[in-house]
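Computed from the coordinates by the stated procedures, all read-outs in this text should not be read as laboratory data. Remember, predicted model here, so these are calculated numbers, not experimental data. Backbone-built Cβ (ideal geometry, glycine too); neighbour counts: all protein chains shown.
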Amino acid sequence: MTSHNLLFMLAVLSAVWAVMARKLLTSAIMLALVSVFASLILFDFNAPWAAVFELSVCAGLITVLFIAGVSLVRAEAERNPEGRAVFQALPLALAIFAIAAWYYVPAFFAGVSDWKLMAAPGGTIGSALWDVRRPDLLGQIVMLAAGVFVIKSIFPKKRPAAAEERTTK
Amino acid sequence: MSAFSLDWYFITLLIFVGLYGMLVSRSIIRQLIGLEIVSKAAMLAVISAGALTSNLMLAQALIITMIVVEVVVVAAGLALLVKAHRLSGSADIWKLDSLKG
């Protein structure tokens, strides 16, 4: 087994742990571990730019966001825990799926890889990002603006008149 | 067996784990964690296809876009969680029914 396959296996095991963990905080930390393994896989694929983004944004920023969310709802989640049986059935369900998929998925993708169209050699991440995928950058800006708009509309600023009315009632 | 097909086998397993987590849980946080696992699998699928066709630069550019979208989705989802928690005191998705017509 190569280190590449080992990293994929560790990513799957961390994902299983993230789903099965009883505590939400453990789930969030295991998700960060999935991101770390995904980032190592990206490094192994010789894709350092994507790996650095993945490590800093997904394993860093998103984990912080999740931990902030977990700290808000942890008390309520511990008061009303979910049934554990469906979570504990995950290894069994995954094992059945993995055995069934072993007979179909690799053979299917071996067939798919025969249709590959090789790209022209050369190019840099700069030319790919700024020249070839320029519309993506516009899409990213629109997405960020949409995210800001969503958060602003979910937490509207209270109007002074409405706030006053509420205090007089 | 080629490395590409083995990679995609593990990617399929990751997608299964993420979807299972989303299906069985009622907590908004666990739903988002399942979604994140599926999006990690999609990211690995993009880079694996890029490596197969010697197109790693384009695959990396797409992954950077995916990461930005992922952050916005998680931020919006957690904002929804905070609002739902303030209104109903719970992070249960079945209590997000105030938009029901």
Handout entry: Rounded to the nearest 20 debye, dipole of segment A:3-122 from Cβ charges on Lys, Arg, Asp, Glu
Key = 260
Problem - Cα-centred dipole magnitude for chain B, charges only on beta-carbon of K, R (+1) and D, E (-1), debye, nearest 20 - result: 400
Handout entry: Computed helical MRE - 222 nm, chain B, DSSP H runs ≥ 4 contributing -39500 (n - 2.57), nearest 500
Key = -28500 deg cm²/dmol
Fill in the blank from the handout: So the angle from the long Cα axis of helix B:3-24 to the longest Cα principal axis of chain B, reported in degrees to the nearest 10, equals 10
Handout entry: Using alpha-carbon coordinates, inclination of helix B:56-88 to the longest axis of chain B, degrees
Key = 10
Fill in the blank from the handout: PRE zone check, label point 7 Å out along Cα-to-Cβ of A:Phe108, amide N under 18 Å, scope segment A:55-95, hits A:94-95
Fill in the blank from the handout: By the Cα gyration tensor axes a ≥ b ≥ c (a/c under 1.5 gives rounded; else a/b larger than b/c gives prolate, otherwise oblate), the shape of the protein assembly as shown is oblate
Fill in the blank from the handout: With label points set 7 Å from each Cα along the Cα-to-Cβ direction at B:Ser98 and A:Ala68, the distance between them in nm comes to 2.1
Exercise for the section: Using a Förster distance of 41 angstrom, determine the FRET efficiency expected from the C-beta separation of A:Ser127 and A:Asp44, and round it to 0.05. Expected result: 0.95
Practice task
Would you work out if segment A:73-132 is rounded, prolate or oblate? Take a ≥ b ≥ c from the square roots of the eigenvalues of the alpha-carbon gyration tensor; rounded if a/c is under 1.5, else prolate when a/b is larger than b/c, oblate otherwise.
Solution key: oblate
Fill in the blank from the handout: Residues other than A:Leu24 with Cβ under 15 Å of its Cβ, Lys/Arg counted +1 and Asp/Glu -1, net out at +2
Problem - Mean separation of Cα contacts under 8 Å, 6 or more apart, over the residue count of chain B: relative contact order % - result: 26
Fill in the blank from the handout: Within the under-9-Å Cβ sphere about B:Ser27, not counting B:Ser27, Lys/Arg +1 and Asp/Glu -1 give a net charge of 0
Handout entry: Structure-based [θ]222 nm, chain A - -39500 (n - 2.57) summed over DSSP H runs of at least 4, per residue, nearest 500
Key = -23000 deg cm²/dmol
Problem - Two-site label geometry, A:Ala119 and B:Arg26: point separation in nm, points 7 Å out along Cα→Cβ - result: 4.6
Handout entry: Net charge of Cβ neighbours under 14 Å - reference A:Leu6; Lys, Arg +1; Asp, Glu -1
Key = -2
Practice task
For segment A:3-122, just the Cα set please: Rg and Dmax, both in angstrom.
Solution key: 18.0, 58
Completion exercise
Mean separation of Cα contacts under 8 Å (at least 6 apart) over the residue count of chain A, i.e. the relative contact order in percent, is 16
Practice task
Considering Cα pairs under 8 angstrom that are at least six residues apart, work out the relative contact order of segment A:1-50 and quote it in whole percent.
Solution key: 39
Problem - Using a Förster distance of 30 Å, the FRET efficiency for B:Leu19-A:Arg84 (Cβ separation, nearest 0.05) - result: 0.95
Problem - Degrees, to the nearest 10: A:90-113 long Cα axis against longest axis of chain A - result: 50
Exercise for the section: For segment A:1-53 and segment B:53-101, compute the distance between their C-alpha centroids and round to whole Å. Expected result: 19
